[in-house]
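Trainee: Questions regarding the structure given below will be posed in turn.
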Amino acid sequence: MNHYFAMLRAAACLLLSALTVLAQDTTGAGVLRGVVKDAAGAPAKDVKVCIPVLNRCATTDALGAFSLVDLRADKYTLEITAPNQRALTNKDTEVRAGLETLLEITLPKIENLSDSVTISAPAFIAPEEIKNSGYLVQQREIAKTAGALQDVSRYVQTLPGVAIGSNDFRNDIIVRGGSPLENLFVVDNIEIPNINNFANFAAAGGTVSILDAELIQDVNFLTGGYPAPYINRLSSVLQITQREGNRDKFSGRATVGFAGAGGIAEGPINKGKGSWVVSARRSFLDYFSDDIGIGGVPVNYSFNSKAVYDLNAANRIWLVNFTGIDRIRLGPIEGKPKTDDNRELENFDIRYRGWRSATGLNWQRVFGARGVGLLGFSHSEASVNQQVKDLLQFRLTGTNLDDIIARTPAVYRENSREGETTLKYDLTLYTPVLDKVQLGGSFKLFRIRYDAAQPFGNSDNPFAIRTDANPFTLQRNFTARQTGAYVQASQNIGSRLNFTVGGRYDNYQYISANRFSPRAGVSLRLTDKLSWRGSYGIFYQQPFFLFLSAFPINRQLDPTRATHYVTGLAYQASNSLRMTVELYQKDYRDYPVSLDYPAFSLANAGDTFAVRDLLFPLISAGRGRARGIEFFVEKKFTAKWFGQANLAFSRTRHAGLDGVFRPGSFDYPVIFNAVGGYKFNQKWEFSSRVALLGGRPFTPFNETLSRQQSRGIFDFNRVNGERAPDYFRLDFRVDRTFTLRDKPLIVFAGLQNATNRKNFAQVNWDRRLNQQYLSYQLGIFPLVGLDWRF
């Protein structure tokens with residue numbers, strides 16, 4: 001750990017250098033740690049560091065170290081008292097949920113003593129429990145970075161080893177070669193199946209996030225070797241803490257951007273004992289056009305809310321809700337010419353309506369210096385109502401397009417619903433034997449109602465040689481349970497070595513499976529600036545219920561397993577600058593693979609709007625491996641600028657039922673990202689992003705079979721046997737701040753893919769012309785918006 005001390009030569013003061021540290025947000029509490037030194041730089045013993053409002057104090061040891069653990073998220077006045085000196089105070093020391101703040105304190109000379117306190121800009125170093133692959137994202141980075149579109153998932157795509165999915169229009173997260181279905185989302189202690197609009201079941205991505213970036217306070221993103229409290233995902237954890245509302249007065253703001261237009265309102269509860277904040281947004285493109293080139297316009301609504309109340313100094317409750325509602329129609333429009341990139345889409349009439357909502361109530365109790373507990377109760381619900389008509393399959397004739405669509409039978413329909421109720425408890429204790437013990441458990445109850453049918457099979461399925469492959473009717477109502485428990489301990493050995501050991505046990509009732517997952521990590525501080533870290537863990541994930549239910553044999557699937565090995569070095573160059581290098585390997589077992597198509601593994605399917613293409617008999621026989629090295633440098637925002645850049649080299653291989661290891665669909669051999677922003681003055685800001693990805697694999701068509709059947713059929717002798725050209729994208733954004741009625745009004749504009757590069761999306765088959773064609777990702781795209789606080 002680094003220590004940075006400075007002496008104040010003018011008016012006497014106390015210097016606190018705040019270092020914010022990633023930590024697990026399993027109890028929603030924060031920690032204050034630090035070192036106190038005297039004016040000569042020697043450790044200051046027996047100095048009391050107190051938070052008077054909580055009646056909590058810590059006394060420094062012989063090394064000048066102190067610790068105040070399990071503090072509620074809030075802003076506190078600190079009182080620092082050295083022996084035989086009067087107390088000094090600081091009114092704005094912030095404790096944030098799930099973060100450790102390290103305070104570096106230098107006592108002034110006695111003759112210079114005053115009541116003033118100076119706090120330097122925060123910096124970011126590696127955590128204790130999370131040994132590797134952890135990244136703290138600030139709200140400013142999400143809101144201001146070009147290319148992020150105020151979407152937390154799109155910003156995360158710029159972090160080490162993370163890539164976009166198959167299309168810029170989606171915000172899928174690809175972590176170290178893993179499928180986007182392998183990511184866990186936790187918001188304010190609520191596990192949410194999907195945080196995005198336009199999301200199907202058995203999906204984890206979408207087009208735009210439900211979450212309002214202006215309500216986000218902190219984001220912890222874990223990409224490997226994460227500890228025991230995290231459940232049921234193979235690749236990553238995206239953990240988000242929302243800010244509180246204003247405890248002092250009512251306030252609001254209006255915003256316009258990529259996600260739509262909306263507003264935020266907030267205010268106090270019971271004279272500042274609590275607060276509330278609500279956000280509502282709606283897309284607005286449908287007010288200007290009935291078609292944005294895809295045969296329709298997406299319409300979505302998003303609602304976020306949070307209320308916090310302090311019952312007393314030890315007990316806090318908070319209630320949160322996230323809701324997204326969306327609809328879209330895709331297909332041909334009477335009198336409108338076909339476009340090259342979407343010509344195959346013109347052969348379908350697709351209508352989709354959906355909504356998803358999650359609500360959670362949390363009760364946090366602090367047990368003084370002994371620990372903290374967090375009880376959470378949450379319920380999430382999602383509904384999908386969609387219909388697909390293949391106008392080319394039946395080739396009905398007529399002069400009126402709407403009449404032809406009405407008479408064409410549906411090749412796929414769905415009106416389904418999934419619900420998940422969770423009761424969980426997390427406890428952190430500090431014991432004489434072990435420095436920190438964490439334990440907890442959860443009970444999940446799933447209520448599933450599936451009503452879906454594919455009566456004619458999937459005639460456009462590129463995996464199938466037959467046009468009537470895999471017809472089914474799925475009408476099922478059932479409940480399922482999942483229970484889990486974990487324990488984890490962290491211990492310091494001397495002043496340089498820390499280890500964490502734990503494990504979790506999970507029962508998957510629906511598939512009659514029980515699994516134990518060991519986790520371990522170690523960190524060694526080589527110098528004050530350089531540390532080595534390593535972690536190991538086994539992770540399990542139950543296949544999504546839609547896959548399990550589509551065919552009877554799928555009920556026999558096992559939980560998929562991934563074993564993580566991660567090691568690396570971290571160098572803290574200054575309070576706001578750090579560099580890391582990491583090596584990783586993920587070994588997959590028991591991945592669902594197709595019984596009918598021996599080369600196909602669900603690991604290569606990714607996230608898609610066309611989930612029906614993936615509904616076929618499956619068996620847990622797939623294996624895989626991803627390995628790579630990542631370089632990362634990060635400069636957190638101080639007075640003028642922020643930025644981060646990363647470079648990753650990796651290799652991903654997966655095998656289907658035939659046992660042949662082939663490049664994974666997300667095998668990007670090289671990934672480079674760089675983002676940054678600069679604040680010229682109080683009026684002007686600039687940000688940019690550069691992304692370069694080595695070409696990803698894809699499977700070409702068997703042109704002979706495809707022409708014979710007038711539809712695209714993959715060549716299974718060349719599964720992921722070809723590679724797309726490299727992907728490159730440059731984005732930039734400019735912000736200008738005005739004043740309107742004495743309140744700041746921010747207007748911003750920019751370009752996505754400013755060079756208008758034609759980045760490969762996928763290979764398609766034109767069934768009318770009976771030939772192959774390519775489709776491309778987002779072209780040059782203007783971005784404008786505003787944000788007015790009032």
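Trainee: The conditions are (1) over 23 Å from the mean Cα position of the chain (by Cα); (2) at pLDDT 95 or above, and A280 fails exactly one of them. Which is it?
Mentor: (1)
Trainee: Condition first: assigned to a loop (DSSP other than H, G, I, E, B) and open to solvent by 20 Å² or more (accessible area, probe 1.4 Å). Now tell me which residues in the range 768-790 satisfy that.
Mentor: R768, L769, N770, L778, G779, I780, F790
Trainee: Something else about it: Could we say that L234 is part of a loop (DSSP other than H, G, I, E, B), within 30 Å of G534 (Cα to Cα) and in contact (Cβ under 8 Å) with a residue 60 or more places away in the chain here?
Mentor: yes
Trainee: Could you please let me know if A204 is touching a helix residue (DSSP H, G or I) at 6+ places or on another chain (Cβ under 6 Å) and buried (at least 24 other Cβ atoms within 10 Å of the Cβ)?
Mentor: yes
Trainee: Now for a separate question. Where residues in the range 42-67 are without any contact (Cβ under 8 Å) to a residue 24 or more places away in the chain and not in a strand (DSSP E or B), which of them is least open to solvent (accessible area, probe 1.4 Å)?
Mentor: A42
Trainee: Name the single residue, out of those in the range 598-627 being in contact with a Pro (Cβ under 9 Å, 6 or more places away or on another chain) and over 15 Å from H654 (Cβ atoms), that is modelled with the highest pLDDT.
Mentor: P617
Okay, residues lined up against (1) surrounded by fewer than 24 Cβ atoms within 10 Å (Cβ to Cβ); (2) in a helix (DSSP H, G or I):
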| position | (1), (2) |
| --- | --- |
| S153 | no, yes |
| G165 | yes, no |
| F169 | yes, no |
| G177 | no, no |
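Trainee: Now for a separate question. I'm trying to understand the selection: among the residues of the range 285-317, which are over 23 Å from I216 (Cα atoms), open to solvent by 20 Å² or more (accessible area, probe 1.4 Å) and in contact with a strand residue (DSSP E or B) (Cβ under 7 Å, 6 or more places away or on another chain)?
Mentor: Hits for the range 285-317 are D286, I294, P298, L311, A314.
Trainee: Failed condition for L392, given (1) part of a strand (DSSP E or B); (2) open to solvent by less than 30 Å² (accessible area, probe 1.4 Å); (3) in contact with a Phe, Trp or Tyr (Cβ under 9 Å, 6 or more places away or on another chain), with all others met?
Mentor: Of everything listed in (1) part of a strand (DSSP E or B); (2) open to solvent by less than 30 Å² (accessible area, probe 1.4 Å); (3) in contact with a Phe, Trp or Tyr (Cβ under 9 Å, 6 or more places away or on another chain), L392 misses just condition (1).
Trainee: May I pose another question? Out of T527, T479, report the one residue that is closer than 30 Å to E420 by Cα, out of contact with any Gly (no Cβ under 7 Å at 6 or more places or on another chain) and hydroxyl-bearing (S, T, Y).
Mentor: Residue meeting the stated conditions: T479.
Trainee: Can you find even one residue in the range 242-258 that is closer than 23 Å to A29 by Cα and of a type in the set (K, R)?
Mentor: Looking through the range 242-258, at least one residue is closer than 23 Å to A29 by Cα and of a type in the set (K, R).
Trainee: Just to check your reading of the model, which residue among S650, S688, S665 is under 24 Å from the mean Cα position of the chain (by Cα), under 23 Å from Q777 (Cβ atoms) and assigned to a loop (DSSP other than H, G, I, E, B)?
Mentor: S665
Trainee: Taking the condition touching a His at 6+ places or on another chain (Cβ under 9 Å), in contact (Cβ under 8 Å) with a residue 40 or more places away in the chain and more than 20 Å from E346 (Cβ to Cβ), does N720 pass?
Mentor: yes
Trainee: Might you let me know whether the range 737-752 holds any residue that is under 27 Å from the mean Cα position of the chain (by Cα), assigned to a strand (DSSP E or B), more than 30 Å from A254 (Cα to Cα) and not β-branched (V, I, T)?
Mentor: no
Trainee: Residues being open to solvent by 10 Å² or more (accessible area, probe 1.4 Å) and more than 30 Å from T563 (Cβ to Cβ): count how many of those fall in the range 616-641.
Mentor: Final tally of qualifying residues: 6.
Trainee: T652 versus (1) under 19 Å from H564 (Cα atoms); (2) hydroxyl-bearing (S, T, Y); (3) surrounded by fewer than 22 Cβ atoms within 10 Å (Cβ to Cβ): which is the lone unmet condition?
Mentor: With respect to (1) under 19 Å from H564 (Cα atoms); (2) hydroxyl-bearing (S, T, Y); (3) surrounded by fewer than 22 Cβ atoms within 10 Å (Cβ to Cβ), T652 is out only on (3).
Yes/no per residue for (1) part of a strand (DSSP E or B); (2) modelled with pLDDT of 85 or more; (3) crowded, with 17+ Cβ neighbours inside 10 Å; (4) not charged (D, E, K, R):
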site	(1), (2), (3), (4)
N2	no, no, yes, yes
M7	no, no, no, yes
L15	yes, no, yes, yes
A18	yes, no, yes, yes
T26	no, no, yes, yes
G34	yes, no, yes, yes
A40	no, no, no, yes
V69	yes, no, yes, yes
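Trainee: Then there's this: Where residues in the range 452-496 are assigned to a loop (DSSP other than H, G, I, E, B) and among the hydroxyl-bearing types (S, T, Y), which of them is nearest to K131 (Cα to Cα)?
Mentor: Of everything passing the filter in the range 452-496, S495 is nearest to K131 (Cα to Cα).
Trainee: Right, here's the next one. In the set S594, S620, S601, S576, which member is in contact with a Lys or Arg (Cβ under 8 Å, 6 or more places away or on another chain) and among the hydroxyl-bearing types (S, T, Y)?
Mentor: So the residue among S594, S620, S601, S576 that is in contact with a Lys or Arg (Cβ under 8 Å, 6 or more places away or on another chain) and among the hydroxyl-bearing types (S, T, Y) is S576.
Trainee: Checking the conditions here, which among Y486, Y536, Y540, Y508 is at pLDDT 95 or above and touching a His at 6+ places or on another chain (Cβ under 8 Å)?
Mentor: Y536
Trainee: Does any residue in the range 386-400 that is over 26 Å from Y450 (Cβ atoms) come within less than 6 Å, Cβ to Cβ, of a residue that is open to solvent by 50 Å² or more (accessible area, probe 1.4 Å) and not in a strand (DSSP E or B) six or more places away or on a different chain, and which pairs are these?
Mentor: L396/R407
Trainee: Next question. Quick check: anything in the range 696-719 open to solvent by less than 50 Å² (accessible area, probe 1.4 Å), farther than 22 Å from G177 by Cα and under 27 Å from the mean Cα position of the chain (by Cα)?
Mentor: Within the range 696-719, none of the residues are open to solvent by less than 50 Å² (accessible area, probe 1.4 Å), farther than 22 Å from G177 by Cα and under 27 Å from the mean Cα position of the chain (by Cα).
Trainee: So is G419 assigned to a strand (DSSP E or B), open to solvent by less than 60 Å² (accessible area, probe 1.4 Å) and within 24 Å of G537 (Cβ to Cβ) or not?
Mentor: No: the conditions fail for G419.
Trainee: Take the residues in the range 244-303 that are assigned to a strand (DSSP E or B) and basic (K, R), then tell me which one is farthest from G324 (Cα to Cα).
Mentor: The extreme case among them is R253.
Trainee: Of all residues in the range 208-231, which are over 21 Å from G161 (Cα atoms) and either assigned to a loop (DSSP other than H, G, I, E, B) or open to solvent by 10 Å² or more (accessible area, probe 1.4 Å) (or both)?
Mentor: The answer is V208, I210, L211, D212, E214, Q217, A228, P229, I231.
Trainee: Right, another one. Between F686, F738, which is open to solvent by 60 Å² or more (accessible area, probe 1.4 Å) and under 28 Å from A645 (Cα atoms)?
Mentor: F686
Trainee: So is F258 without any contact (Cβ under 8 Å) to a residue 12 or more places away in the chain and more than 30 Å from Y540 (Cα to Cα) or not?
Mentor: no
Trainee: Surrounded by 17 or more Cβ atoms within 10 Å (Cβ to Cβ) and on the phi > 0 side of the Ramachandran plot: does that describe D613?
Mentor: no
Trainee: Would you be able to say whether some residue in the range 127-140 is assigned to a helix (DSSP H, G or I), modelled with pLDDT of 75 or more and either in contact with a Leu (Cβ under 8 Å, 6 or more places away or on another chain) or closer than 26 Å to S687 by Cα (or both)?
Mentor: Yes, the range 127-140 has at least one match.
The values are calculated or read from the model by the stated rules, or taken from the named source; none is laboratory data. Quick caveat: nothing in here was measured; it's all calculated off a predicted structure. Please note: Cβ atoms are built from the backbone with ideal geometry, for glycine as well, and neighbour counts cover all protein chains shown. Just so you know, the surface numbers come from the protein's heavy atoms only, side chains and all, with ligands and any DNA or RNA stripped out. Shrake-Rupley method; radii C 1.70, N 1.55, O 1.52, S 1.80 Å.
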